[in-house]
Structure formats: structure tokens, C-alpha cells
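Structure first, commentary second.
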Amino acid sequence: MMPEAKYNNARRICREIMIRIINAVTRPKDSTDLDRIPLEMRPLRNNTTRCCVYKDRAVIKYRCMASLGIAVEDEVDELTTIKEYLGQTLKRKSNSRFLTVLDVACSSCPDAHYHITDACRGCAARPCTMVCPKDAVSVINGKAKIDTDKCINCGKCQSACSFHAVVRIPVPCEESCPVGAIASGPDGKKVIDDEKCIYCGKCINACPFGAIMECSQVVHVLAEITKGTDVTAMVAPAMEGQFEANWNQLTAAMHVLGFTSVVQVAEGADETIAHEAEELAHKLAEGQKFMTTSCCPSYVQLAKKHIPEICGNVSDTPSPLAFTARKVKADNPDVKTVFIGPCLAKRKEGTELEDVDYVITFEELGAMLVATEIFLDEMPDIAQVDGTASAAARKFAISSGVSSAVAGSYAGETALNPVCIDGLDKKSIALLKAYAKGKAPGNFIEVMSCTGGCVGGPCVLQSAAKSRKAIENI
Amino acid sequence: MHNKKIQIEICAGTTCFVLGSVQFESFEESLPAEWKDFVEVTASRCLGLCRKGKFSGAPYVRINSVPIGNATPEKVMEVIAEMLDLPEGLNDA
């Protein structure tokens, strides 16, 4: 079963590293030197996670690299210091990659396969040897063994064994990827194929070694704030319920962090609703069989890279982020815009939208709060945001929220039949391919890459169930 | 009569939340039924233990006013089990 919150020990280490980096960057005099972070986190003669303290430190150094926004694949010289990486990253306009594989942390999991464990009792019936269509199972020294050269991974031996002695050992990152974008490279380490990747971020949480990380933009945002630039935080609707704090306290906290203004992306969502409802009425009247939503950037990537035949059905309406950023820049072209959300694919969308300068995540915002010692419950609860966004727009972050909102504003002639794809996986992608061929079960399809909607995003702090409840209560 | 319950305060402050207090989301429900009369679990406002750069010990839990750093449900359960084993554990409350 998937854990409710995206939290495990590997995530914790990443968050702690981010906090330490923010401290070192914003308060260099009072904090540990950047290059000492691996040593501080893994002092000698302490417990280690991996084989030895030195390997742990090496992995932490690569985590620092990714946290600074530099892909580990871009390493040229192993002796480049974390401080030098900070200098390099601040000179770049954008990251070379969105996701990076820490090859040192990657365990090079062998391809998914079946394995007979010690639970095998070498029974007399030996059904495993009988059901195998390739004669790959034989009993050696009283234990059944699979000849991997002959095995075709059909799994029949697993179903046949009464002792549950046969296990299937998966490759977690590969299994989590809905589009087959991650596979073993020549040395067994995993490689992400950018031509296929839809930046859904599922692999980040799937890898038990935490070997896949996103390339962050936090230090870029910090540099803008330090320079004194006007920085506007554009906060995703999924923020609702992330922290034990209300919007007033969150806004106050973001001001303390140095954001000059804070806007809710839900305001842009209201524009998306109005435009998309109109577009939908128009397209259905024209005889188009169905239209899909377009606000999930991972789905947009999926359509472009894997289901080109559905692209004509994807709504042309700009996303809530696009509308929000456009308005912010129209009001003040000199401002730098930062989207704060639960999503990785938004970083890709951000690079494609001229009005979006940076994208950071809820986890990264959390790290900024911790580093700055901001305690949300101590923030003043004084009205600061005029919440102009409608309740429908604020529900964009949960599955069926978008389709309900658009349906609520729909005024077309054709009867509306909305259908939701709640989470992208191999199965739902096959469904979408069938829809494109004319087998759509409805005429308005909402697609969310993350199960449950944005509240189930790869970079959330709160459990999806808890934040869904907070949003449903709006 | 030892009727004082063991007080478990789970810090719900910002630092502890970011660094993993989410693990305690259903902690109370996961306790063995026979413990329920001896243990009281509360989500506390920031306990203040993370301040002055001590964030790396988060999440914190306080058991009868003794702070536990890098708390996990397993770690806290262990401490409770030990206290319940020894009658004086309840006396200390």
C-alpha cells in the first residue's frame, strides 16, 4: 500500500539538506559552511545508512548538488565543491534537467524478476517445476531454483507455490513510471530519457534509495530576494490544508521570507473555468466528440510525447498559473514570479511560460520556513489577501474539482458528460489512447497525473487525505 | 492508585511538521487497546525544542516532559512500553 503522505527517511534527509543549504546561503556567517554539510550530517563513528560514512557523505554531496539545481549528470570534476556549484547555478538561467539520478545512490536494481526464497521447503509436489512453461525451475539440494536465462517472468511458479516462497522483485522506479522513461543504462544505473519523461515525479517517491531528485530553484529565488528584487509568490490551490495555518498566516510568513506579494493561483483558475467552459461549449457545438482539461502539465506532456492523436482534443485554455502570472506581470513587469506548488511538471510549464520565472515546491517552502525559524502559529491572523477566488476555483487541487467547476459554468447546448482520469498509470494511459480513437465514455475528460489530484502531488508535505478534506470544507 | 496517565505530546509546530511529524497522523489509533487507559496523546503547539538551530532533531515528542528527538512512532512506542512495564514509570508522571 502506498503511504498516505510522501514521507520516508530519504525524503527527510533531502528536506534537512535543503534547510541547511538555505541557512548557509542566507546566513553564511552563522551557519555551517556549505562544503561541511555532508560531514555535519554524517560525522565519523556514527550510524550510517549505507556501507560507510564516506559513501553516505558522497550521496549527501550529490543531494546538495541537486538541491542547488545542478543535475548530477552534469558533473565534470568530482572535486568541484558545493560552494563552486552554488556559484555555477546562480549564473544559469535555467536548469539543464528537471529530474536527476544520483548514480552513487542508485542501487542498480536488476530488471524485475522472480526469485525463490528460503521459504521453499523442497516439497514433494513441486508444482513450480511443473507449471513453468520454459523448464526454468529445478530443485537443487532440496530447494527450488530459477534459471534466469530460461525464465520469461510469467509468474506461474509464484501462483503455484503453497508456501508463498516465490517473490517478484520489482524495480520500483521503473514500475512507478507510467511512460517507460526510466531504464538501466550500460552500467546498470538508471537513466531518465527526457524524450519520454512527463515530469510526473512518481519515481522520486518510488525509489527506496532516494536516488532520484528534482533540480531545485530555491537558491535562485533566495538570490532574487537578497538582491532586493520584487518577488511575487503565486501559490497553488493545493496549499489549502498543507500547513496548520490559514491564508493570512501563510501570507504573513511569506512576507517575512522576503516575498513582496502573495497571490493565489486560484484567482487564475477562475479565468480558466470561464474560458474552458466557453471553449467546451463551442467545440462540442462544432461536433468535436470530446475535450480534455489542460491544467495538469504532466498530462499535457503526456499528450505531446505519447498520445499525439489526442492533442487536438486537449483544451487550448491557458492554465490557472498562466493566467495568474500574466496578470502579475501586466501589473508590474519588473517583478519576478515564483510559483509555489506540489508539482514537478509545473517547473517544465514554468520554463515554457514567459511570465513565470521560478517554480518551487511546498517541501521547499517548508524548508525555507524552518531555516528562517518562522513558526506559522505565531504569525498574525490579520486579513491580508482579498480572497477573490471562487470556491470552485479553490477546488482545482482535488480530482473532479476541475471538471465540476467547468461543468458549473458550462452553458452549451450539448448535454455534458464529464469523466475523470484520477492518476496516470499504464492502464489509464491505455484508456486515453482508446478515447483518442473514438471510444471516449464522456465528452469532457478531466485528467490528473497524480492520484487524488494536485493534493497527491510528488512534493507535498501533508497527506492527500487530510488536504483533500481541508479543500472539500471550503 | 496510579491514575496519572503517561502524557505524550506530539509537536505540531512548523519545523516538526516539515521534518516528519506526519508519521504520527494516526498514532493514537495505532496504540494497543490495553494501553489506552494509561496513555494520553495530544498534538501540541510548537514545543520550542527546534529553536536556535536545533531543527535537525525534529520531529520532537515529549513524554511526561522528557523530550525525544528524531521521534518515530516506533521509538515512542518503545518508551511507552518500558514505562508501562515498570509500575514506577506511572509514578513519575
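The values are calculated or read from the model by the stated rules, or taken from the named source; none is laboratory data. This one's a predicted model, so the numbers in the text were calculated from it and none came from an experiment. For neighbour counting, all protein chains shown are included, and Cβ atoms are generated from backbone atoms with ideal geometry for every residue, glycine included.
For segment B:20-37, the condition of being within 22 Å of A:GLN242 (Cβ to Cβ), facing another protein chain (nearest Cβ under 9 Å) and either outside any loop (DSSP other than H, G, I, E, B) or in contact with a Leu (Cβ under 8 Å, 6 or more places away or on another chain) (or both) holds for at least one residue.
Take A:GLY350 and decide whether it is farther than 18 Å from A:PHE323 by Cβ, outside any strand (DSSP E or B) and at pLDDT 95 or above. Against the criterion (farther than 18 Å from A:PHE323 by Cβ, outside any strand (DSSP E or B) and at pLDDT 95 or above), A:GLY350 does not qualify. When A:LYS469, A:LYS426, A:LYS395 are checked against the criterion of being within 14 Å of chain B (Cβ to nearest Cβ) and touching a residue at least 40 places away in the same chain (Cβ under 8 Å), a single residue qualifies: A:LYS469.
In segment A:359-382, the residues that are at the interface with another protein chain (Cβ under 10 Å from one of its Cβ atoms) form Cβ pairs under 6 Å with partners that are outside any helix (DSSP H, G or I) and basic (Lys, Arg), at six or more places apart or across chains, as follows: A:ASP377/B:ARG45.
Quickly run through segment A:33-58 and pick out the residues that are of a type in the set (Lys, Arg) and farther than 19 Å from A:LEU102 by Cα. Reasoning before the result, please.
As a first pass, look at segment A:33-58 and keep what is of a type in the set (Lys, Arg): A:36, A:42, A:45, A:50, A:55, A:57.
A:ARG36, A:ARG45, listed by residue number.
Can you pull out the helices (runs of 4 or more DSSP H) entirely within segment A:1-93 that have at least 1 residues that are under 24 Å from A:PHE362 (Cα atoms) and within 14 Å of chain B (Cβ to nearest Cβ)?
Those helices (runs of 4 or more DSSP H) span A:9-26, A:37-41, A:53-67.
All of A:ASN443, A:ASN417 fail the test of being polar (S, T, N, Q) and surrounded by fewer than 19 Cβ atoms within 10 Å (Cβ to Cβ), apart from A:ASN417.
Quick one: would you say A:SER108 is of a type in the set (Ser, Thr, Tyr), assigned to a loop (DSSP other than H, G, I, E, B) and either in contact with a Lys or Arg (Cβ under 9 Å, 6 or more places away or on another chain) or closer than 30 Å to A:LEU68 by Cα (or both)?
On the way: of a type in the set (Ser, Thr, Tyr): yes; assigned to a loop (DSSP other than H, G, I, E, B): yes; either in contact with a Lys or Arg (Cβ under 9 Å, 6 or more places away or on another chain) or closer than 30 Å to A:LEU68 by Cα (or both): yes.
It is true that A:SER108 is of a type in the set (Ser, Thr, Tyr), assigned to a loop (DSSP other than H, G, I, E, B) and either in contact with a Lys or Arg (Cβ under 9 Å, 6 or more places away or on another chain) or closer than 30 Å to A:LEU68 by Cα (or both).
Looking for whichever is surrounded by fewer than 23 Cβ atoms within 10 Å (Cβ to Cβ) and outside any helix (DSSP H, G or I) here; the options are A:ALA407, A:ALA411, A:ALA470, A:ALA434. Which one fits? Exactly one residue qualifies, and that residue is A:ALA411.
For A:PHE323, the stated conditions hold: it is in a helix (DSSP H, G or I) and farther than 23 Å from A:ASP193 by Cα. Hey, any hits in segment A:446-459 for a residue that's in contact with a strand residue (DSSP E or B) (Cβ under 7 Å, 6 or more places away or on another chain), more than 14 Å from every other protein chain (Cβ to nearest Cβ), surrounded by 17 or more Cβ atoms within 10 Å (Cβ to Cβ) and charged (D, E, K, R)? Yes, some residue in segment A:446-459 is in contact with a strand residue (DSSP E or B) (Cβ under 7 Å, 6 or more places away or on another chain), more than 14 Å from every other protein chain (Cβ to nearest Cβ), surrounded by 17 or more Cβ atoms within 10 Å (Cβ to Cβ) and charged (D, E, K, R).
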